[in-house]
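Throughout, read-outs are computed from the coordinates displayed, never taken from laboratory work. Worth saying up front: this structure is predicted, and the values here are computed from it rather than measured. Note: ideal-geometry Cβ built from the backbone for every residue, glycine included; neighbour counts use all protein chains shown.
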Amino acid sequence: MTYKESLDFLFSQLPMFSRIGAAAYKPGLDTSIALDNYFGNPHRCFTSIHVAGTNGKGSTSHNIASILQQEGYKVGLYTSPHLADFRERIRVNGKMIPEQSVIDFVERWRECGYEGHPSFFELTMMMAFDWFAAQEVDYAVIEVGMGGRLDSTNIITPIACVITNISFDHTQFLGSTLPQIAGEKAGIIKSGIPVVIGHANGDVREVFEKRSAEVGAPIVFAEDLQPLTEATATEDFTLECDSATVGEFTSPLSGAYQKENINTVLSAVETLRNAGVEISDESVREGMKNVITNTGLAGRWMKVSDSPLTICDTGHNQAGLSITMPQLHAILLRHRQNSPDAQLRMVIGFVSDKDVAHIVDLLPKDAIYYVTQASVPRAMPAENLLPLLEGAGLNCRLIPEGVATAYKTALNDLSTPHDIIFIGGSTFIVADFLASLHN
């Protein structure tokens, strides 16, 4: 069996939510527990940190893994979805799982005679746990796929839990109100396991406080602790930070939303230290600084080119875009100080189950939109997105051929060297864009 054949099996034989959407959603832990038992309970072979939340859980997971790695630990990192390469989901000290190990796992699975029908996520998660156990990692940072309570990763008993924030996303599965969504995310909180909440107020905060009290889990709120005292994004896409806990440091993650994530990470570090994990201040500073090189994190307010300035970002819901769009427009205004004709060009697309109506009002009015679609079946057809954007008075061009063509069209339309190109709206738009650059 070749690596391509292994991937074809995973993608075609097993439901994959990120590609096809609701038809692949499979809540509950029964299959995960059965798979874990079959493979010898690999999750018991390493110490884990569990990370959930609506936005920022990927960046938070990568930062925590980078800090632990900087300290000298052997660190597993399980995240989703991937952008350019399936193996991005499973890393040890930043290195992706080898292709041969993917092949070996798939062959073991196909030959085992198991009669159940796991989802793509369930089987991929077990591949990660099996690989981490084989590699004898010291710690594994495990990102929740969706929700928390019924997410397949919730079979682990971590040393600490982190929940970044709560906003509206996947409401058809997690609930139509923020407290309902918080209740699902709070399902990872377990008896006696400390939990760090990044941002929560009002009814959402009460959900977490109630859950932690019910199970006897120590809880802290990062927004109360505020270990991050200052964070300033520079024009070279660096975040200059100061903190009350580890002093000054820099981060290559300069998206405005990263301030909240970094505050959460710093709070999580203190929780891990209190749990007995040795982490020096220097490791925190260097881990933050080297998060991209240590872990391979990509697609988060990522500068791809200086001329024209080209940025891609995986923010895809109302809460995320409400932060990134003002930051993008501020950069455009700076460019127009030197070149009044500078134009913002947006290569944009969404998935079909996204509530685009609440997102459209966040999009800059003075941009040109190259309306396209990602290569996954779940993508919203560009022809369906176009009238929603035009109805909001946005200047649009329809490019249904895909992200690569839309990006090339934007490049060909440049009016000045100071034009800005932004690629986003969906994780899968960014994935197709980065894959096209790689290819």
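A few comments on the model shown:
- Here the residues 303, 57, ranked from fewest to most Cβ neighbours within 10 Å of their Cβ, fall in the order 303, 57.
- Highest GNM mean-square fluctuation among 75, 277, 265, for the chain modelled with Cα contacts below 10 Å: 277.
- Choice from 101, 32, 243 showing the highest fluctuation, given a GNM over the chain with Cα pairs closer than 10 Å: 101
- Contact order relative to length of the stretch 190-236, as percent, for alpha carbon pairs under 8 angstrom and 6 or more apart: 48 percent
- In order through the stretch 367-381: 3J(HN,Hα) via Karplus (6.51 cos²θ - 1.76 cosθ + 1.60), integer Hz, x for Gly, Pro: 10, 9, 9, 9, 7, 9, 8, 6, 8, 9, x, 6, 5, 6, x
- With the largest listed first and rounded to whole Å, the semi-axes of the equivalent ellipsoid of the stretch 3-295 from the Cα gyration tensor are 30, 22, 18.
- Radius ratio Rg over Rh of the stretch 302-438, counting only Cα atoms, Kirkwood formula for Rh: 0.93
- Check: the chain dipole with +1 on Lys, Arg Cβ and -1 on Asp, Glu Cβ, in debye: 360 debye
- Non-local Lys pairs in the stretch 3-295, i.e. 8 or more apart or on different chains, that have alpha carbons under 20 Å apart: 13
- Stretch gain in nm, segment residue 238-residue 44, where the contour uses 0.36 nm per residue and the Cα spacing is subtracted: 66.0 nm
- Check: the stretch 220-363 dipole with +1 on Lys, Arg Cβ and -1 on Asp, Glu Cβ, in debye: 500 debye
- When only Cα pairs below 8 angstrom with a gap of at least 6 residues are kept, the stretch 90-238 shows a relative contact order of 17 percent.
- Exposure proxy order (Cβ contacts within 10 Å, fewest to most) of 35, 434: 434, 35
- Between 0 and 90 degrees, the angle of helix 403-412 with respect to the longest Cα principal axis of the chain falls at about 30 degrees.
- With Cα atoms, 0 to 90° folded angle of helix 120-135 axis to the chain main axis: 60 degrees
- The ranking of 235, 122, 248, 107 by Cβ neighbour count inside 10 Å, starting from the fewest, reads 235, 248, 107, 122.
- Relative contact order (percent, whole number), the chain, Cα cutoff 8 Å, 6+ residue spacing: 16 percent
- 0 to 90° range, to nearest 10: angle between helix 57-71 axis and the chain longest Cα axis: 60 degrees
- Choice from 153, 372, 238 with maximal GNM fluctuation in the chain (Cα, 10 Å cutoff): 238
- Antiparallel bridge percentage (DSSP; both residues within the chain; nearest 5): 35 percent
- With contributions of -39500 (n - 2.57) from each DSSP H run of at least four residues, the per-residue ellipticity at 222 nm computed over the chain stands at -12500 deg cm²/dmol.
- Gyration tensor over alpha-carbon atoms, the stretch 42-156, equivalent ellipsoid semi-axes in Å: 22, 17, 13
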